[in-house]
Each structure stands twice: as structure tokens, then as C-alpha cells.
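Here the structure comes first, spelled out in C-alpha cells, and everything after it is commentary.
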Amino acid sequence: MKRLLQQTDFKIQSKSILFWTVGACLFLTFSLFIAEIFIDLKATSINILAPLLLVIIIISALTFKFPENDFIHHLLILYSFITIEIHYLANVNSFHIVVFCLTMVPLLALLIKGLRASLFWLLISIITTSVNLKYVNATFGDFYTIEINEFNFYVFGILFCISYIAVTLTLYSLLSTAYNDMKSKNKELDIFKNKVEEKKLLLEKYQHNLLKLSKDESISSKEKKQLFKIICKTAVKTLEISRVSIWLFGNEKSIFERHFLYELDKESDELVTLRREDFPKYFEAVKSKPYISAIDAKKHPDTMEFKDKYLSPLGIYSMLDCPIIIDRETFGVICCEHKNELKEWSTEDELYVQFLANFISLGIKNSHVKLLLDDIVDKNNELIGKNKEIESINEELNFVNEELKTINDSLEETVKNRTFELESQNKQLSEYAFINSHLLRAPLSRVLGLSDLISREVTIPKDVKLLNSLAKSTFELDSIIKKISDILYDGNHITREDVNSIINKNLKEEGFE
């Protein structure tokens, strides 16, 4: 039962069925009211029908004003149930009629609210019938009799038949509408299924094509021309269009330069230029939009600028352009064009061209990376060569250092020996200086004193002359000895010029010139 409810309890009702149903209730109540005025139906009275007619009029007005209100729907079903029960309570002898009339309540609930409401009111009707039966037995016992009035029987029969016919027609209309809707939905589903199948095949085609393209060596080639050629050729054949070209920004994004064109087995790398000042809307659209899908390129706001200078002369009708983005910057555009007829670009076509743009972006980045890697390899090779030179120089320097170390070691030994010799010589010179200043000058001083004494005693000119020559020589010798002492103590050198200078100086001072 739960599964049945899940499958069948959905809103197949419509406003027209609701209006027909409330109209039928209003018609039946009004018919009973009119019949009661002119004919005594024996089963009801004006006092009962008048309030019921007023209630159904109010419910009808509310239904037409608020057709989507659930409370009014339930109120209409409740009205039908209460109407039948009021007639039964007013005349218990109408039990045999009420039994059949209560079956109208679940049908009415089915028309207005669906299967769940119908099952609920069916349960209520069964319980009410059981209670009514108990009440009849308590009132009449085994002597319940049916009083039949032929005319009244026909009137009630006609009204009852009209009610069931109305319910039957309404159900038939409901089922017919549902069936027609189902047929329409089935057709739509078939169309949708075919479209889905076509899109599936198209996506599989594009997927296979992109997979094959990703394995092509041209994608990772350092030559952009090879990359552009395989992309353009693949796009023309896969999209079944006339031509595909690749344009890149130039001169600080003020121009577009066409680097490659593939058109029906023809290709060209002739450089063609488009200037921003001539096509400002197109340039802005390429920078700001994920793609430009122009079925009629001559009327599309982003491409209509090309009409006179580009589209009409080349016979191009449709364009699908997608920007090539590298590092979040628009680097260029891949332009797909169809000639001689309009081409309706599908969502799959747009996605496919976006993938091609991504392939171009990836290929350009790969080419840049490969060029950088090659440059790095060259630089590394240069560094390796320089490192080898440096290693060779280091080896030579190490050899020189070893030699210098050896020389330094021998030099230290030589200096040490030389220092020892110098110290010995200095010591010996100190001895010479002591001997010269003390031991050698002392006798010379005595000679000078004796010479002075003798010169005072001698009067013979010849002897005076000899004494003067002796004094002169003695003075020269004393100066030289003094100079030698000074030099020995100071560590300086003495030359012949020094000796001559001393002799001449002494002679002048002593007046022996």
C-alpha cells in the first residue's frame, strides 16, 4: 500500500476539475432546493436545504477566488459529508439512500485532493455507515421499512444518476488529461533521450579527440607553429567548420596578430593585424568574456564590427572565439569560423573550444619552459666549463702553494741561518768596535800627546815639518778610527768617499791644507 501511495499520490488535479466539482455540488444542492419548493421530496426540507445552499455558495465563491487553498478543498469535501449526514439524521428512513450517497465522498476527495485523501474519506464513510446502521437498528429494530414514493424516487434517481455521471465524466476527463499528458511527456522524453544520446556521442567524440590531442608530440613542441597547426587542423575536422585561426596580442595588447590559419586543407602563417581602435568592442569582449558564441556574427554585438571589413568579404556567417589565457592574463584568441551558412554552436562545441584554448595555453607555456630549460642547460654547460677551468687553476694554485710552502720552509731555515750569522757578525763587530774605540785609540791618543809635546820642544824647521806631517797623519787616523767606531755601533756601512771626506775635513780644521 505504501509503495502504491508513493507511485500514485501526485497532483494530477487541475483547476478546471476543481471548478467542475464545486459547480456540480452547487448544482445538486440548488436542484434539491428547487425540487423541495415545488415538490415535497419527503427526505429533506427547506429549513435544511436553505442553509446548505448558502454554505455551498460561499464555498464556491471562495474556491473560485482562492483555487490553490487546501483548507477550502477540505472544506468542500467536509461539506458533502455533512450534507449527507444531516439528511440522514433528519430522516432515519433515508438510510438506504445515504448508504449509496456516502460513496460520493471518497470519489469527491479523489477528484480534489488525490488518493491519500480518498482513502481517508473511504475509511470515514465505512465507519459512518457502520454507526448509521447501529442507529437504525436501535431506532427500528427488525422493523425498518422503506416507504417508496414513485415520483420522489424518480427525482432522487435522476439526481443520483446525474451525480454519478458527472463524477464518471470528471474521472474520465482526469484520466484522459493524464493520459494525454503522459503521451506528451513520453514524446518529450523520447526527444530528450535522442538529444541526450546525440550529446553523449558528441561528448565521446570530443573526449576521444582531446585524449588523442593530448598525446600528440606537437603539443609539447618548442615550435609554436607546429602547436598551432595541429590545434587548428583538429578543430576544423572535429567541429566540421570552414576555418580556424590563432591570434596573439601584440604591441602592449593594442593589436591582434594572426599567427596561423587552417582552412579546408589549406594553411597560412601570413601575419595579419587587427587594431583595437578599429574593433574596440571585440577586444573588450575577448578580455572580459569566457567565449564569444556568435551564430550570426554580422548581428552579434561582439562581432558585428567585422561585418564590412572581414565577415562579408570572406563570406563568414558564424564565429566561436575563445580567449587563450596564460597566468590569468589574456594572451590571444582561437577563432573558429563557418562560411556560407549559419552554424548553431552547442554547449559541447563551446566547451571543446575552451579545452583547445587551454591546450594552446599549455603548449605555449611548455615551449617557454623548454626554451628556459635549454638556456639553463647551456648556462650549466658554461658553468661546468668554468668550473673545470677553476679546478685547473686551483690545481695550479695548489701546486704553487706547495712550492711556496717549500720555499717558505727553506727560506725560514735560510733566514734562521742568516740571522745566526748576522748575530755572530754583529757580535764580532761589537768586539771590533770595542777594540777600535778603546784599545786602538788609546795608543793613538798617546801618540798625539807625544807629538804635541815634541812639537813644542823642536825648533829645527825640518823636524817641525816632519812633526806636522806626523800630526796630520795622526789626526786623519784618529778621525777614521772614530768614524769606524760610530759605524760599527750604528750598524752602517763605510765607503772610500766617507774616508776622503773625513780626511779633508780634518785637514781644514787643523789648518794642514
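With r defined as the distance between the Cβ atoms of THR103 and PHE140 and R0 fixed at 25 Å, what FRET efficiency is calculated, to the nearest 0.05? Don't skip to the end; give the middle numbers.
Numbers: r = 23 Å, r/R0 = 0.92.
Approximately 0.65, to the nearest 0.05.
Label-point separation (nm) for ARG418 and GLU391, each offset 7 Å from Cα along Cα-to-Cβ?
Rounded to a tenth, the inter-label distance reads 4.0 nm.
Fewest first, what order do ASP378, ASP327 take by the number of other Cβ atoms within 10 Å?
On the way: ASP378 10, ASP327 7.
Arranged by neighbour count, lowest to highest, ASP378, ASP327 become ASP327, ASP378.
Taking neighbour counts of Cβ atoms within 10 Å as a proxy for exposure, in what order, fewest first, do GLU305, GLU412, GLU252 appear? Each step should come with its number before you reach the end.
Working: GLU305 19, GLU412 10, GLU252 6.
The order, fewest Cβ neighbours first, is GLU252, GLU412, GLU305.
How long, wide and thick is region 217-372, going by the Cα atoms along their three principal axes, in whole angstroms, largest first?
Computed over region 217-372, the largest-to-smallest principal extents equal 44, 33, 29 Å.
Taking R0 as 30 Å, what FRET efficiency do you get between SER254 and LEU383 from their Cβ-Cβ distance, rounded to the nearest 0.05?
That gives a FRET efficiency of 0.15.
If each residue of separation counts as 0.36 nm, what is the full-extension length gain between ASN69 and THR347 once their alpha-carbon separation is subtracted? Each step should come with its number before you reach the end.
Details: separation 278, 0.36 × 278 = 100.08 nm, distance 4.15 nm.
Taking ASN69 through THR347 to full extension adds about 95.9 nm, to one decimal.
Treat the count of other C-beta atoms within 10 Å as a stand-in for reagent exposure and order SER245, SER410 from fewest to most. Before the final figure, lay out the partial values.
Values: SER245 21, SER410 10.
Listed from fewest to most nearby Cβ atoms, that is SER410, SER245.
Set the Förster distance to 60 Å, then compute FRET efficiency between LEU62 and LEU211 from the Cβ-Cβ distance, nearest 0.05. Working shown, then result.
Values: r = 64 Å, r/R0 = 1.07.
Step by step, r from the Cβ atoms, then E = 0.40.
Express in nm, to one decimal, how much length is gained between LYS187 and ILE34 on full extension, taking 0.36 nm for each residue of separation and deducting their alpha carbon distance.
On the way: separation 153, 0.36 × 153 = 55.08 nm, distance 4.92 nm.
Value of the extension gain: 50.2 nm.
Under a plain spin-label model, where a point goes 7 Å from the Cα along Cα-to-Cβ, how far apart in nm are LYS266 and LYS482?
Using points 7 Å along Cα→Cβ, the separation is 12.1 nm.
Working out 0.36 nm times the residue gap between LYS370 and LYS298, then minus their Cα-Cα distance, what length gain in nm do you get to one decimal? Display every interim value, and only then the final one.
Numbers: separation 72, 0.36 × 72 = 25.92 nm, distance 4.12 nm.
Difference between extended and current length: 21.8 nm.
All of the numbers you see were taken from the coordinates with simple rules; none came from a lab. Just so it is clear, the structure is predicted and the values come from calculations on it, not from any experiment. Cβ: placed from backbone, ideal geometry, glycine included. Neighbour counts: every protein chain shown.
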